[in-house]
Amino acid sequence: MPSIRIDQTNISVNNIFCVARNYVAHAAEMGSSIGSEPVVFIKPNSAILQSGQALQLPAWSKDVHHEAELVVAIGRGGKNISKENALEHVAGYALGLDLTARDVQTEAKQKGMPWTLAKGFDGAAVLTHFVPASAISNPPELEFILEINGTSKQHADTRLMVFDVATLIAWISSRFTLQVGDLIYTGTPEGVGAIHSGDQLKLTLGELINETFVVA
C-alpha cells in the first residue's frame, strides 16, 4: 500500500476520491455542466505516482490528458462531517495530476460503460509532496499552476471552485465514511490536454510546492 509523508508522519493511502467537475470553465470545455451536487469517482491506490517517478503512458491509449488538481489528505476520519468542522479533518495538501486516457474514456461513455480503466491505471494519480494543513491558512483562496515544457497550461484559482474543500469533505462524508489516509482530488480547471513522451510537467503552489515530473 502506498504511503505519503506529512510533517514527519507517514500515512498509508486509503481511498482516492476524485471530483469529476468542479470548475465551470472546465465543464464547458468538456461539453458538460455542473449539477447541484459533486460528481465523485474513485481511483485505486495502486494508481499513485509520487515525486521522483517518471510518468508512464499506458500502451493501450493514444490520448492521455493532464488534469492538475489540489489534493487533500484526510488525517482524521468521520461520517457526516459538518462543513464548519471539515477543515479540522485535513492533514495536508498537495498538487496532483488526474491523468486520463481520454480516448478510452470517450469510448466508454459512448457505450454507457464505466470509465474506471481510463482514470485508474497505474500512475494515473500523480502526487507532489504534501505540506501540512497548518501551512495553508485559507484553502478557498489558493492559486496553482501547471506548466509543460516551460509553457503555462493550467492556472487554477480555488475561489472558482463550485464546491470548496470544506463542502467536498462534508458531502463525501455524508455518502462514504472518510478514513485516515483518504485522498480527495478536488477537480481541475480549464486547459486540460494531451501529454507526450519527453514532456516535463511542473506543478507549483506559491512558495510551498514546486515539482517537475517527466513523461517517460
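The values are calculated or read from the model by the stated rules, or taken from the named source; none is laboratory data. Keep in mind that what you see is a predicted model, and the values were worked out from it rather than measured. Cβ atoms come from the backbone with ideal geometry, glycine included; neighbour counts cover every protein chain shown. Heads up: the accessible areas ignore ligands, DNA and RNA and are worked out on the full protein's heavy atoms, side chains in. Shrake-Rupley method; radii C 1.70, N 1.55, O 1.52, S 1.80 Å.
I'd like the carbon and sulfur percentage of the solvent accessible area for segment 15-154, probe radius 1.4 Å, heavy atoms only, ligands and nucleic acids excluded. Here carbon and sulfur together make up 50 percent of the probe-accessible area. Here r is the Cβ-Cβ distance between A59 and T151 and R0 is 22 Å; the resulting FRET efficiency, rounded to 0.05, is 0.25. Sequence-distant contacts, meaning Cα pairs under 8 Å at least 6 residues apart, place the relative contact order of the chain at 32 percent.
Placing pseudo-labels 7 Å out from each Cα toward the beta carbon at H196 and V39 gives an inter-label distance of 2.9 nm.
Simple point charges give the picture: +1 on the Cβ of Lys and Arg, -1 on the Cβ of Asp and Glu, and for the chain a dipole about the Cα centre of about 580 debye. Think of the chain as a dipole: +1 on every Lys or Arg Cβ, -1 on every Asp or Glu Cβ, centred on the Cα centre; then among V192, F17, V131, F17 lies furthest on the positive end. On a per residue basis, segment 67-145 carries 41 Å² of accessible surface, using protein heavy atoms and a 1.4 Å probe. Distance between the 7 Å Cα→Cβ label points at K109 and R175: 1.8 nm.
For the chain, modelled as a GNM whose springs connect Cα atoms under 10 angstrom apart, the maximal fluctuation among A27, A133, A91 occurs at A27. Annotation: amide H of Q154 within the under-5 Å range of L146, sequence separation 5 or more or interchain, hydrogens built in the peptide plane. Counting pairs of alpha carbon atoms under 8 Å apart in space and at least six apart in sequence, what relative contact order in percent does segment 146-209 give? After rounding, I find 54 percent.
Taking chymotrypsin sites (Phe, Trp or Tyr not before Pro) in DSSP loop states with no more than 16 other Cβ atoms inside 10 Å as exposed sites, the chain has its longest site-free stretch at 61-175.
Along the chain, the longest continuous region that contains none of the trypsin sites (Lys or Arg not before Pro) in a DSSP loop with at most 11 other C-beta atoms within 10 Å is 112-216. For the residue pairs K62/K83; K111/K202; K43/K153; K43/K111; K79/K202, the C-alpha atoms sit more than 30 angstrom apart in K62/K83; K111/K202; K79/K202. Taking P(r) over Cα pairs in 10 Å bins from 0, in percent straight from the coordinates, which label in (1) 8, 37, 40, 14, 1; (2) 8, 34, 34, 18, 6, 0; (3) 8, 34, 36, 15, 5, 2, 0 is the correct one? The calculated read-out lines up with (1).
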